[in-house]
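The structure appears below as structure tokens.
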Amino acid sequence: MLVQSSLSEVLKARSELFSRTNWTDPTSQLQNRVKGEDLSKYFVLTESEEIGIRETIRLHVSTTPYYLSLSDPIDPNCPIRRMIVPRSEEAVFSSEESPDPLDEERLSPVRGLTHMYPNRVLLFSNHSCSVYCRHCMRGRKVSSSDERMEKSDLENAFAYIRTHEEIEDVVISGGDPLNLSDSRLEWILSELHSIPHVKICRLGTRNPVTLPFRITEALCKIIETYNDDKLSIFCNTQFNHPKECTKESKEAILRLLKVGVSVGNQSVLLKGINDEEEVMLTLHKKLLEMRVRAYYLYDPELIPGSRGFRTPLARGIEIVEYMRGKIGGMGIPQFVNDLPGGGGKITIAPNWYLGYYPKTRQHAFRSAVTKKIHLSFEPVGSNKESYYPTISDSEWEKFGL
């Protein structure tokens, strides 16, 4: 039973929580995580939020004091709050939704490993995160003790990778792999480092956003040890809103960069959080200031209880179109859809290319900067003309060229 708190009580509880947390100690942050039954102490909840906390069909609720401190205790539309506190939409399982929309379990040859693409695999290293984001697409696994990866499970995964020499790239995900102890993470990296055909390792972590203090000098030293001419280690994280781009996060990113780990960002397009053009543009400008390159902007997955976050497909296309010309290319993410049923990722882009006009051997393009039609010639003797969508005479005349 949730007990609603007044604003003064909420502010007092927040102050006490922050005071008893050793702020820059990641262990203290995790020990003082706020769970679902305690959210009413730290937010003046709406009726929808009360229903969401009580009846969510998604993963558990939990947030670090640090990430909680970025949220608004009063405003239910605060973007950070939206990613922490469930709403009533989370209690609805729509017919089009699935716990495993990408068919990752079907594509799992051994426990904790997904082999969707020929030359790369996804390794689920653990089931825990610092913050259980409400839009998480792996709610079936994250926060569930049944999904705990024992050392024997990981050993089986490594054995599979060793016997499949086509595997060159291993993505370590979870949960959040950086929630593992230093010793467990070092063991995982050492195992991958010892497999001759594994050349690339990608760490998928949201801790630079939700628990930046976890990116310690000791952790970075471990990563640096295995980030060499045999194995290239990358990090992909997930900043979704400018409010997440803090001084602490930037310091964490810089520590990773100093040991040779480039950091990319994979945002999720979320209704009411970052589905406005200027919000997404501001986010990626801040990320470039933090030396984080844009990678993906994900169309939300069809996961249970996600109707409150999903946007029309056109929103992502419109946002990427808006960003082009207003920020350098390394700050513009690829808008992607991870196809249901295990089809893999595809990129979806604005329609800059309008087609080919055979009579003049010209391609027509729409400029993101001038908004005008610009032309370019196909080489003489090209045998690729049938490849292009053809512009009709009537369409060509409409260009007014």
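Since every read-out is calculated from the coordinates, none of them should be taken as a lab result. Treat the numbers as computed from the prediction; the structure is a model and nothing was measured. Cβ sites come from the backbone with ideal geometry, for glycine too, and all protein chains shown count toward neighbours.
Where the only charges are on Cβ atoms (+1 Lys, Arg; -1 Asp, Glu), what is the dipole of the chain about its Cα centre, to the nearest 20 debye?
Around 900 debye, computed over the chain.
For the chain, what is the mean residue ellipticity at 222 nm derived from helices alone (per DSSP H run of n ≥ 4: -39500 (n - 2.57); sum divided by total residues; nearest 500 deg cm²/dmol)?
-9000 deg cm²/dmol
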In the neighborhood of Ile200, defined by Cβ-to-Cβ distances under 9 Å, what is the net charge if each Lys or Arg adds +1 and each Asp or Glu adds -1? +1
Over 22 Å between Cα atoms: which of Lys221/Lys258; Lys286/Lys372; Lys199/Lys221; Lys359/Lys398; Lys250/Lys285; Lys345/Lys372 fall into that group? Lys286/Lys372; Lys345/Lys372
Please work out the C-alpha center-to-center distance from region 283-317 to region 372-401 and express it in whole Å. 33 Å
For region 7-91, averaging the sequence separation of alpha carbon pairs under 8 Å that lie six or more residues apart and dividing by its residue count, the contact order in percent is 34 percent
Could you list the trypsin sites (Lys or Arg not before Pro) in region 319-401 that lie in coil according to DSSP, counting only those with at most 15 other Cβ atoms within 10 Å of their Cβ? Lys326, Lys359, Arg361, Lys371, Lys372, Lys384
Low-density loop GluC sites (Glu not before Pro), region 222-295, at most 15 other Cβ within 10 Å, DSSP non-H/G/I/E/B, are Glu276
Over the chain, what is the relative contact order in percent, taking alpha-carbon pairs closer than 8 angstrom and at least six residues apart? 13 percent
Among GluC sites (Glu not before Pro) in region 64-150, those in a DSSP loop whose Cβ has at most 15 other Cβ atoms within 10 Å are Glu96, Glu105, Glu150
Using +1 at the C-beta of Lys and Arg and -1 at the C-beta of Asp and Glu, which of Ser95, Cys235, Gln31 has the Cα lying farthest in the positive direction of the dipole of the chain? Cys235
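Provide the percentage of antiparallel DSSP beta bridges, counting only those with both residues in the chain; round to the nearest 5. Show your work: numbers first, answer last.
Working: 19 of 46 bridges.
Percent antiparallel among DSSP bridges in the chain is about 40.
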For region 256-348: relative contact order, % (alpha-carbon pairs under 8 angstrom, 6 or more apart): 30 percent
Suppose the chain between Leu107 and Val369 were pulled fully straight at 0.36 nm per residue; how much longer would it get relative to their current alpha carbon spacing? 90.0 nm
